[in-house]
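Colleague: I'd like to ask some things about the structure below.
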Amino acid sequence: MNREDAWQLLTEFTKSENLIKHALAVEAAMRAYARKFGEDEEKWGIVGLIHDFDYERFPTMPAHPTEGAKILRERGWPEEIVRAVQSHADYTGISRVNRLEKALYAVDELTGLITAAALVRPTKDIRDITEIKSIKNKWKDKSFAAGVNRDDIVRGCEALGVDLWNEHVPLVLEAMKGIAAQLGLAGQRGG
């Protein structure tokens, strides 16, 4: 399976522009973590890209990502990828045992917080977030991006063995900045 296969799967099941942008953000963060750890960037990116591919059709627990896992298996996706997709949801009972699974869990919710932080900036440009403290301030405000599960992010960082503020947030932010235009977060500057 390659990125084109993953993109076809994602766009077959997902029509929401915001959900596609989320998938792209998670893909970028997963690729950054693969580079950091010397892992397979293509595989890690694919997992990030498809982790929520089934969410529009099966938005409730436990259907997502359980139904998605069935679809992946029916289509011959490698079990390692199926397992990683399943492991990003606590309620599946699939424990996270390797760096791939732990990284996916750690980045998933954080991309939403960073996206929200960029969208409230006057320029709506993620590249204008130059200090981690601006994200930290948003983090502390529990009413800001209230749907973002901050506890999941903290647990993910602990499991992955990375510091939330000195490693994790900067890595994910930089990964997302690298694809700002694709995420709709290039603001007034365009591309």
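The values are calculated or read from the model by the stated rules, or taken from the named source; none is laboratory data. Please read all numbers here as calculations on a predicted model, not as lab measurements. For neighbour counting, all protein chains shown are included, and Cβ atoms are generated from backbone atoms with ideal geometry for every residue, glycine included.
Colleague: Could you check residue 20 against (1) farther than 22 Å from residue 186 by Cα; (2) among the β-branched types (Val, Ile, Thr); (3) surrounded by fewer than 23 Cβ atoms within 10 Å (Cβ to Cβ) and say which number it fails?
Modeller: (1)
Colleague: Would you check which residues across segment 34-56 are assigned to a helix (DSSP H, G or I) and in contact with a Leu (Cβ under 7 Å, 6 or more places away or on another chain) and list them?
Modeller: Selection gives 36, 44, 47, 48, 49, 50.
Colleague: When the residues of segment 82-115 are filtered to those that are in contact (Cβ under 8 Å) with a residue 60 or more places away in the chain and hydroxyl-bearing (Ser, Thr, Tyr), which remaining residue is surrounded by the most Cβ atoms within 10 Å (Cβ to Cβ)?
Modeller: 111
Colleague: Continuing with the same structure: Pairs under 6 Å by beta carbon, first residue more than 13 Å from residue 174 (Cα to Cα) and touching a residue at least 60 places away in the same chain (Cβ under 8 Å) in segment 116-135, partner assigned to a helix (DSSP H, G or I) and of a type in the set (Gly, Ala, Ser), six or more apart or different chains?
Modeller: 123/187; 124/187
Colleague: On the basis of being surrounded by fewer than 21 Cβ atoms within 10 Å (Cβ to Cβ) and without any contact (Cβ under 8 Å) to a residue 60 or more places away in the chain, does residue 155 make the cut?
Modeller: Values: surrounded by fewer than 21 Cβ atoms within 10 Å (Cβ to Cβ): yes; without any contact (Cβ under 8 Å) to a residue 60 or more places away in the chain: yes.
In short, yes.
Colleague: Right, here's the next one. With the structure loaded, tell me whether residue 148 is assigned to a loop (DSSP other than H, G, I, E, B), among the hydrophobic types (A, V, I, L, M, F, W, C) and surrounded by 19 or more Cβ atoms within 10 Å (Cβ to Cβ) or whether it fails that test.
Modeller: On the way: assigned to a loop (DSSP other than H, G, I, E, B): yes; among the hydrophobic types (A, V, I, L, M, F, W, C): yes; surrounded by 19 or more Cβ atoms within 10 Å (Cβ to Cβ): yes.
Judged against the criteria, residue 148 is a match.
Colleague: Could we say that residue 178 is of a type in the set (Gly, Ala, Ser), closer than 15 Å to residue 104 by Cα and surrounded by fewer than 18 Cβ atoms within 10 Å (Cβ to Cβ) here? First the steps, then the outcome.
Modeller: On the way: of a type in the set (Gly, Ala, Ser): yes; closer than 15 Å to residue 104 by Cα: no; surrounded by fewer than 18 Cβ atoms within 10 Å (Cβ to Cβ): yes.
Answer is no for this residue.
Listed here are the residues, each with its yes/no results for (1) within 15 Å of the chain's Cα centre (by Cα); (2) more than 16 Å from residue 160 (Cα to Cα); (3) modelled with pLDDT of 95 or more.
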{"site": "16", "(1), (2), (3)": "no, yes, yes"}
{"site": "41", "(1), (2), (3)": "yes, yes, yes"}
{"site": "45", "(1), (2), (3)": "yes, yes, yes"}
{"site": "86", "(1), (2), (3)": "yes, yes, yes"}
{"site": "100", "(1), (2), (3)": "yes, no, yes"}
{"site": "104", "(1), (2), (3)": "yes, no, yes"}
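Colleague: Is one or more of the residues making up segment 130-142 surrounded by 14 or more Cβ atoms within 10 Å (Cβ to Cβ) and not in a helix (DSSP H, G or I)?
Modeller: The answer is no, given that none of the residues of segment 130-142 is surrounded by 14 or more Cβ atoms within 10 Å (Cβ to Cβ) and not in a helix (DSSP H, G or I).
Colleague: Taking only pairs six or more apart or across chains, which ones have beta-carbon atoms under 8 Å, a first residue in segment 28-54 that is of a type in the set (Gly, Ala, Ser), and a second residue that is surrounded by fewer than 24 Cβ atoms within 10 Å (Cβ to Cβ) and outside any helix (DSSP H, G or I)?
Modeller: Close Cβ pairs (under 8 Å, with a partner that is surrounded by fewer than 24 Cβ atoms within 10 Å (Cβ to Cβ) and outside any helix (DSSP H, G or I)) amount to 28/178; 28/179; 34/40.
Colleague: Okay, next question. State whether one or more residues within segment 41-56 are hydroxyl-bearing (Ser, Thr, Tyr) and surrounded by fewer than 13 Cβ atoms within 10 Å (Cβ to Cβ). Let's see the steps before the verdict.
Modeller: Residues of segment 41-56 hydroxyl-bearing (Ser, Thr, Tyr): 55.
In the following step, the residues that additionally are surrounded by fewer than 13 Cβ atoms within 10 Å (Cβ to Cβ) were identified as none.
Within segment 41-56, not a single residue is hydroxyl-bearing (Ser, Thr, Tyr) and surrounded by fewer than 13 Cβ atoms within 10 Å (Cβ to Cβ).
Colleague: If you check residue 75 against the conditions, is it within 26 Å of residue 154 (Cβ to Cβ) and of a type outside the set (A, V, I, L, M, F, W, C)?
Modeller: No: the conditions fail for residue 75.
Colleague: Something else: I want to confirm something. Restricting to segment 57-75 and keeping residues that are in a loop (DSSP other than H, G, I, E, B) and without any contact (Cβ under 8 Å) to a residue 40 or more places away in the chain, which single residue is surrounded by the fewest Cβ atoms within 10 Å (Cβ to Cβ)?
Modeller: Taking segment 57-75 first, the residues in a loop (DSSP other than H, G, I, E, B) are 57-62, 75.
Retained after the next criterion (residues that are without any contact (Cβ under 8 Å) to a residue 40 or more places away in the chain): 58-62.
Values: 58: 17, 59: 10, 60: 8, 61: 12, 62: 13.
Looking at residues that are in a loop (DSSP other than H, G, I, E, B) and without any contact (Cβ under 8 Å) to a residue 40 or more places away in the chain, I get 60.
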